Amino acid sequence: RRGRSVAHFNGWSEAIFAGLAILFGIFSLTSLVVGAILGVIAWRELRWGRELGRLDARAPRALALNQLYLLAGVLGYCAWQLYSGLTGPTTLEKHPELAQLSSSGIDLDIDSLYRTTLLATYIGVAALSVVLQGMTAWWYASLRTPMRALHGMSASAPERVSAPAA
């Protein structure tokens, strides 16, 4: 039951984020791709969560793989954001109005602050995702053993019931 509930929660959370990525990023190819990938991952999570509730022995492995797919997507997104943020135009080139801060007596290196924030954000998201998706994938995979035991008991249970008493 817990596995089904976790998959249900994860699937609907992923579906909501997929919808938001598509809705708010309608003019951004990156957001549309992220939304589509999250949508597929959400659909798989909900489908295999339902199968886990039906005691399908394939479900734990499929759910674990789904978490690894999500992890790969998050890591790819973080890498892309880091690459485009560090190799693209500087903050002052994109927003020349920020140069007024320096002329107004505020000693602030906007580009350095931007790079530091960019690195901290996406490296932090990547590290947190490795931990969360990695642990969730491991937990889903750990459900295979009880699932196999359950299938083994249910297959042999009728034999035990029908065996004559000694």
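The values are calculated or read from the model by the stated rules, or taken from the named source; none is laboratory data. Please read these numbers as outputs of a predicted model, since none were measured by experiment. Here the Cβ is made from the backbone with ideal geometry for all residues, glycine too, and neighbour counts use every protein chain on show. Surface accessibility is based on the protein's heavy atoms, side chains included, excluding ligands, DNA and RNA. Shrake-Rupley method; radii C 1.70, N 1.55, O 1.52, S 1.80 Å.
Before moving on, here are some points about what is shown:
- Counting only protein heavy atoms and a probe of 1.4 Å, the accessible surface of region 45-93 is 62% carbon and sulfur.
- Between Trp138 and Ser5, the distance separating the two model label sites (each 7 Å from Cα on the Cα→Cβ line) works out to 2.2 nm.
- Derived scalar couplings ³J(HN,Hα) [region 134-142; Karplus, 6.51 cos²θ - 1.76 cosθ + 1.60; whole Hz; x for Gly, Pro]: x, 5, 5, 4, 4, 5, 4, 5, 5
- Stretchable slack from His95 to Val125, in nm (0.36 nm times residue separation minus alpha-carbon distance): 8.2 nm
- Relative to the compact-globule estimate of 2.2 N^0.38 Å, the Cα radius of gyration of region 1-91 comes out at 1.26.
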